[in-house]
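The values are calculated or read from the model by the stated rules, or taken from the named source; none is laboratory data. The model shown is predicted, which means the values in this text are computed figures rather than measured ones. Cβ placement follows ideal geometry from the backbone for every residue including glycine, while neighbour counts extend to all protein chains displayed.
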Amino acid sequence: MQIEFTSEEMAFRAEARCWLRANVPAGERPIHSDRALDIREFDLEWQRKQFEAGWAGISWPSEYGGRGVSLIEQLIWHEEYARAGAPRAGSCFVGLSHAGPTLIARGTPEQQAFHLPRILRGDTVWCQGFSEPGAGSDLAALGTRAEIDGDELVVNGAKIWTSYAAIADYQELLCRTEAGSRKHSGISWVICPMDTPGIELRPILTMVGPNDFHFCQVFYNDVRIPLANVVGEVNDGWNVANATLGFERGTGFVADQIQNSELVERLIAMARGRCGLDGLSPAIDDGDFASRLAMSRAEMAGVRAMTYATVSRAANANPGPEGSLVKLFFSEASQRLRRLGVDLLGPEALELSSDAGLTTPYLRSYAASIGGGTSDVQRNIIAERVLGLPRAPRP
Amino acid sequence: MIDMEISSEQRQIVDSVQNLLADALPYDRFVPRPTPVPNADRAVFTQFGELGVFGLGLAEASGGVGYSLVEEVLVARECGRFLVSPAVVATMIGVHVAHFAGDRSHAEAMMRGGTPVAPALAFAPAATHFAGKYHLADAEGAEWALLWSEGGLALAHRDSWHGAQNMDSIDSTLTLTRVAVKDIMPPLRVPAANGLWRRAQLLVSAYLTGLAEAALDDSVGYAKVREQFQQPIGAFQAVKHRCADMLTRASVAWNSTIFAALTDQAEGPDADFQAIAAKILASDAAFRNAAVNIQNHGAYGFTGEHHAHLFVKRAHFLDRFGGDATYQKRRMLAANAPSSDAERSSPVDGLAG
Ligand SMILES: Cc1cc2nc3c(=O)[nH]c(=O)nc-3n(C[C@H](O)[C@H](O)[C@H](O)COP(=O)(O)OP(=O)(O)OC[C@H]3O[C@@H](n4cnc5c(N)ncnc54)[C@H](O)[C@@H]3O)c2cc1C
């Protein structure tokens, strides 16, 4: 066991840091609003910049145009990325971290040749059409149908909570290609061009702000998609969807984690600088604030250690359900931290656009224990698949 | 005698307020079309006035309905449940401030619901005077602001709000205005020693309790009908236990609030102590139940289409009104513990006699 970076890794860190510091976009990432196109342009522009400098697809193998670096170097990249204050991948996330890797693992050469360069170059935005009104935690209950008609699929049904659907070019669409099939079988993974006739969107407002239309409900009415857009075998979509879940093997959220570590330091500085209730002594003299700050600082250190452990394990073996441990702990620790931020800020926390910029991310943090599998689902995975506890009785 | 049950007369008051709220202010007034807009609850304030909501706890001789703090607490709780603009609570308190300050005509106008009072959230609640910076909640259309500091309670007429500045509110249904007040001691005020602050604190606690209870009701209702894995999610122990914890917190909050109100009525020596405890527990119940309610609804709870987020946001406003949890905890430690020798020597009977 050891934690030491090799000289190549240190050189990689220096190179990444130097480029990031010089190139991170200056302006704020726009919020996802009725002017949705702003956010698309912002995200794609940043992706193009990374592509031109050879940083795009940090986790993708080089034969597919990626940077092809080791897991440790990916970790280093994400750390430097967050330290430089680089914007989150945003609407490019699904393409880079999910759709692209899925195509790499299971796509045909034609599908790969068409889509992978476009994702890397920052030409296309992808979204993820998995959840449905009746299928959230129980994703395998999905019921959007796709009937095969000659060399086409005819899709009918609805998806919901599709982030960035309103600005996406393509969607990874999970649909049922075998009528009456049970649960995990009979599902296919389909590349769905979002401009296909018969697709309708209903933007959905989040609780974050009066213009935050982050996701959509997507309706499909006789939507015709070429059969050639199925990725992997027809009816094997469940396996295709799971093929890449561990693709980044624990590095996917490193940037978010580092951002939170930096936030802790910022809050500590704020608590030293701002006066507390009596208007005289600094807020950090308050025992409750001091204790919560100290705990958050320790928790973020713990998250980093967990991530390093995950990466080290993943370097040798396929990642298992242990990723749920990091996800569960991190999402709840970050919610505590975000709440601490608004409590420290005091009165100004009621102002959505206060200078401190703590309120909007605080509200957004309510999603951390829901999106990507709720905390309850993570606990079930940990209990049943990691600990081997008996599964809850299923009807 | 210890009786913390709601009497049939009190039940009638609650029912009539519930009927009005269910009719005039249902939750679907918050459905974004397509984005949320500030609430228009003040349009029904005159109906509240006709029903006697604002003069409920004022003596009949003073133009009020002649009930007590307890009935006001019952009404404030319903207002929390229905997410009524917190100006309703500030107006209920404002009536008492005007009355104690000897201004009968303003008290009467407030009782009629024609001159709403906006809650003023102090930037420095520990000040012993009233000058300073405030956030006003729902100040548009309000005639007064209710200032609250360690100096007591005071009414500031809108003409005395300086440098009013509208800010983007964390709660789009509730406008947020920054103002400065220059009067150290505004004319319409009640000093802290009067104890009126306890009444104010308990109305706020009741509103917060109402939020916690409504969040619980939402969760229980949803857990029975939302199905995943071919069963109602309420069948999962994780969800079921969260709901049980929600009820426990709401119940602690309610009982503490009503206990504190009865202690205040009985002029118990621990009235301050109980009023502080109630606020801390009600605030905690509101925040935690609101967050758990979002969690229980999954992504739906995170939307602006469901009203679940408003419980969180209103909790932030009400928590600050009269001093937030951090401030209350400091006061909790400073307060005198209820002395055991008093043993509540039938203070109610004593009063009656
Ligand atoms: C911000 C955000 C972005 C999202 N983006 C996307 C996207 O781009 N694409 C996409 O496909 N989806 C997306 N989702 C949807 C997300 O995957 C689902 O919200 C999630 O899987 C939960 O499903 P649900 O919302 O239907 O909640 P439900 O499954 O209905 O859950 C309701 C409650 O029941 C609990 N519960 C359910 N089953 C169990 C169980 N077996 N044991 C214990 N408790 C249980 C849950 O934990 C939750 O508390 C997004 C969600 C959010 C919040």
Residue within segment B:267-280 that is within 16 Å of the ligand (Cβ to nearest atom), in a helix (DSSP H, G or I) and either free of Cβ contacts under 8 Å to residues at least 60 places away in the same chain or of a type outside the set (S, T, N, Q) (or both) present: no
Selection within segment A:353-394 - surrounded by 19 or more Cβ atoms within 10 Å (Cβ to Cβ) and either touching a Cys at 6+ places or on another chain (Cβ under 9 Å) or at the interface with chain B (Cβ under 7 Å from one of its Cβ atoms) (or both): A:359, A:366, A:367, A:369, A:370, A:374, A:376
Residue, surrounded by the most Cβ atoms within 10 Å (Cβ to Cβ), within segment A:15-30, restricted to residues that are without any contact (Cβ under 8 Å) to a residue 24 or more places away in the chain and closer than 15 Å to residue A:53 by Cα: A:15
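Per-residue answers, yes or no, for (1) farther than 20 Å from residue A:235 by Cα; (2) in the same structural domain as residue A:108 (by TED's automatic domain parsing); (3) at pLDDT 95 or above; (4) within 15 Å of the ligand (Cβ to nearest atom):
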residue	(1), (2), (3), (4)
A:153	no, no, yes, no
A:156	no, no, yes, no
A:163	yes, no, yes, yes
A:175	no, no, yes, yes
A:179	no, no, no, no
A:188	no, no, yes, no
A:194	yes, no, yes, yes
A:197	yes, no, yes, no
A:210	yes, no, no, no
Single residue of B:229, B:130 found to be within 14 Å of chain A (Cβ to nearest Cβ) and among the hydrophobic types (A, V, I, L, M, F, W, C): B:229
All positions within segment A:140-173 that are under 23 Å from residue A:213 (Cα atoms) and hydrophobic (A, V, I, L, M, F, W, C): A:158, A:160, A:161, A:165, A:166, A:167, A:168, A:173
Residue tally, condition more than 28 Å from residue A:216 (Cα to Cα) and more than 12 Å from every other protein chain (Cβ to nearest Cβ), over segment B:281-300: 5
Long-range neighbours under 6 Å by Cβ, at least six apart or interchain, first residue in the same structural domain as residue B:212 (by TED's automatic domain parsing) within segment B:233-244, second not in a helix (DSSP H, G or I) and not β-branched (Val, Ile, Thr): B:233/B:226
Pair list, Cβ < 6 Å and 6+ apart or interchain, from segment A:285-304 residues that are closer than 16 Å to residue A:332 by Cβ to residues that are in a helix (DSSP H, G or I) and not hydrophobic (A, V, I, L, M, F, W, C): A:300/A:260; A:300/A:261; A:303/A:257
Test: residue A:350 is facing chain B (nearest Cβ under 9 Å), surrounded by 21 or more Cβ atoms within 10 Å (Cβ to Cβ), closer than 30 Å to residue B:128 by Cα and touching a Leu at 6+ places or on another chain (Cβ under 9 Å): yes
Index of the failed condition, residue A:236 passing every other in (1) under 20 Å from the mean Cα position of the chain (by Cα); (2) buried (at least 16 other Cβ atoms within 10 Å of the Cβ): (1)
Enumeration of residues in segment A:125-138 that are crowded, with 19+ Cβ neighbours inside 10 Å and more than 7 Å from the ligand (Cβ to nearest atom): A:125, A:126, A:132
Inter-residue pairs, beta-carbon under 8 Å, first touching a residue at least 24 places away in the same chain (Cβ under 8 Å) and in segment B:30-50, second in a helix (DSSP H, G or I) and among the β-branched types (Val, Ile, Thr), 6+ apart: B:41/B:88; B:45/B:88; B:45/B:91; B:48/B:88
Selection within segment B:301-330 - aromatic (Phe, Trp, Tyr) and more than 9 Å from every other protein chain (Cβ to nearest Cβ): B:311, B:321
Test: residue in segment A:251-269 that is part of a loop (DSSP other than H, G, I, E, B) and either surrounded by fewer than 18 Cβ atoms within 10 Å (Cβ to Cβ) or within 16 Å of the ligand (Cβ to nearest atom) (or both): yes
Every residue from segment B:155-196 that is among the hydroxyl-bearing types (Ser, Thr, Tyr) and within 20 Å of the chain's Cα centre (by Cα): B:169, B:172, B:173, B:175, B:177
Residue match in segment A:177-185 (condition: under 19 Å from residue A:111 (Cβ atoms) and more than 14 Å from chain B (Cβ to nearest Cβ)): yes
Only listed residue being in the same structural domain as residue A:270 (by TED's automatic domain parsing) and on the phi < 0 side of the Ramachandran plot, chosen from A:294, A:392: A:294
The one condition in (1) in contact (Cβ under 8 Å) with a residue 40 or more places away in the chain; (2) in contact with a Lys or Arg (Cβ under 8 Å, 6 or more places away or on another chain); (3) not in a helix (DSSP H, G or I) that residue B:163 fails to fulfil: (1)
Unmet requirement for residue A:159, which otherwise passes all of (1) in contact (Cβ under 8 Å) with a residue 24 or more places away in the chain; (2) within 14 Å of chain B (Cβ to nearest Cβ); (3) surrounded by fewer than 22 Cβ atoms within 10 Å (Cβ to Cβ): (3)
